[in-house]
Amino acid sequence: MNATQMISKGLLGEPALLLGLIAFVGLLLQKQPFQRLVHGTIKTMLGYTLLQIGANAAGSSLSNLSAVIQKGFQIIGIIPHNETITALAQINFGEEIALIMLVGMIVHLMIARFTRIKYIFLTGHHMLFMASLLAGVLVSMSMPLWQVMVAGGIVLAFSMSFAPLITQPYVRRVTGNNDFAMGHFNSVGYVLSGFIASWFKKGPEPPESKGLQKLRSFFQDHMVVITVFTFVLFLFSGLFISPGGTQEMFSGRHILVVSLIQATWFAGGCYVILAGVRMLLSEIVPAFKGIADRVVPGAIPALDCPVLFKFSPFSAMIGFLLSFTGGLVAMVIQLQVQYTVIIPGVIPHFFSGGAAGVIAYKIGGRKGLIVSSLIHGFAITILPNFLIPLLSNLGYLRATFADSDFSVIGLLVHEVFSWFK
């Protein structure tokens, strides 16, 4: 094996090693001590490995849930879940994803350095999600590796620059300043919510009752919410299957036991995925930020969507519930017109719906919050229908990307590059 083959099949062919190298170079450029270099590189590779382990657990539970839904309702159920579909995409396109992220980071910094768009996208896991989407879409078009790397990296960079740009007018209405922007790939959803909320006039903010405070504290632990929601979904779907059918599917177990086991298995997989993502990105993002601080004077950090929750916790909770309700309405409509159905996922509606709710309430008050959140939830549940056919090459059709930008950008990239071909 020559040096070129060793690099392409060894280093670049193993995403964990390539991501570890990216973290190592970033820390080296910051002149970190040797111990920090070793720790950062190893933790990056461990994080990627944890992500794969969690994906296998969550993917197994999703497959079982889809089988139960298909048997009970005679439909195919697909759950939008960014972490699961990203981890599964990395199994097939790990090399392409790592290279797209590398090119995307560099071009994104160049945009911030040489243009008036000074936002630095620091939500590393969404950077990873978008790179995974782009890899899946571009590889499905039979593009060679270097084209996937260049085209995907450029699209990722522009996405990271323009997502904060288009949402900032609404974020500024919430925060009152430009101290930070929103670095979250649901910008289309946030703009939609802000635009609809602007049709209404904001009234005085009501005080939270004790009941609402208790409800909000329950929803703050999203792992518990995921477990409860998945349990209810499994149990409800299983009620439409005969006891014999359920026992035949799950080795004689009762649907109540199956629901509890599968719910905890899925939540456990999600927890491991999130732990892996946090460990992976805790080394890459600081390296990226350290370089950005030197290269881009006056940069505005673009942060994850929960930074808005503190500006109105009440509207964040209501936004989540109403967004999820809008998703259920979309699911019911899909049941009437097609066999494949998007099941609203609790994670995108919790985070994206919560942030959209804060924006809507601060701009349009109660009426703006109610109307915007319902439409937001409906939109982010319908949009993945158009993305699913583009991701068939992943070989896994029980999960898809959740937030609005993934569907919009995935469709745009597919159409534009198909036209060029």
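The values are calculated or read from the model by the stated rules, or taken from the named source; none is laboratory data. Keep in mind that what you see is a predicted model, and the values were worked out from it rather than measured. When we count neighbours, we look across all protein chains shown, and the Cβ atoms used for this are built from the backbone with ideal geometry, even at glycine. All accessible areas refer to the heavy atoms of the entire protein, side chains included, with ligands and DNA or RNA removed. Shrake-Rupley method; radii C 1.70, N 1.55, O 1.52, S 1.80 Å.
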Select from region 9-49 the residues that are of a type in the set (Gly, Ala, Ser) and surrounded by 14 or more Cβ atoms within 10 Å (Cβ to Cβ) and write down the one among them that is modelled with the lowest pLDDT. GLY13
When you look at SER198, is it open to solvent by 60 Å² or more (accessible area, probe 1.4 Å), under 23 Å from THR381 (Cα atoms) and in contact (Cβ under 8 Å) with a residue 40 or more places away in the chain, yes or no? yes
For region 319-335, which residues satisfy the criterion of being open to solvent by 30 Å² or more (accessible area, probe 1.4 Å) and among the aromatic types (Phe, Trp, Tyr)? PHE324
Answer from ILE79, ILE69, ILE85, ILE75 - the residue that is touching a strand residue (DSSP E or B) at 6+ places or on another chain (Cβ under 9 Å), surrounded by fewer than 23 Cβ atoms within 10 Å (Cβ to Cβ) and of a type in the set (A, V, I, L, M): ILE75
Could you tell me which numbered condition VAL371 fails, if it satisfies all but one of (1) surrounded by fewer than 24 Cβ atoms within 10 Å (Cβ to Cβ); (2) in contact with a Cys (Cβ under 7 Å, 6 or more places away or on another chain)? (2)
Could you say which residue among GLY377, GLY365 is of a type in the set (Gly, Ala, Ser) and under 24 Å from ALA58 (Cα atoms)? GLY377
Restricted to region 101-117 and to residues being open to solvent by 10 Å² or more (accessible area, probe 1.4 Å) and closer than 25 Å to PHE351 by Cβ, the residue nearest to the chain's Cα centre (by Cα) is MET105
Just for region 293-307: of the residues that are in a helix (DSSP H, G or I) and in contact with a Gly (Cβ under 8 Å, 6 or more places away or on another chain), which one is modelled with the highest pLDDT? CYS305
Selected residue (criterion: farthest from PHE266 (Cα to Cα)) from residues of region 54-66 that are surrounded by fewer than 23 Cβ atoms within 10 Å (Cβ to Cβ) and touching a strand residue (DSSP E or B) at 6+ places or on another chain (Cβ under 8 Å): SER66
Within region 391-417, which residues are open to solvent by 40 Å² or more (accessible area, probe 1.4 Å) and modelled with pLDDT of 80 or more? VAL408, LEU411, LEU412, HIS414, GLU415, VAL416, PHE417
Evaluate region 128-136: report whether one residue or more is more than 21 Å from SER404 (Cα to Cα), in contact (Cβ under 8 Å) with a residue 24 or more places away in the chain and assigned to a helix (DSSP H, G or I). no
Provide a single number: the residues in region 307-340 that are of a type outside the set (D, E, K, R) and closer than 30 Å to THR175 by Cα. 20
Residue satisfying condition, being under 16 Å from VAL188 (Cβ atoms), over 17 Å from the mean Cα position of the chain (by Cα) and part of a helix (DSSP H, G or I), within set ILE359, ILE370: ILE359
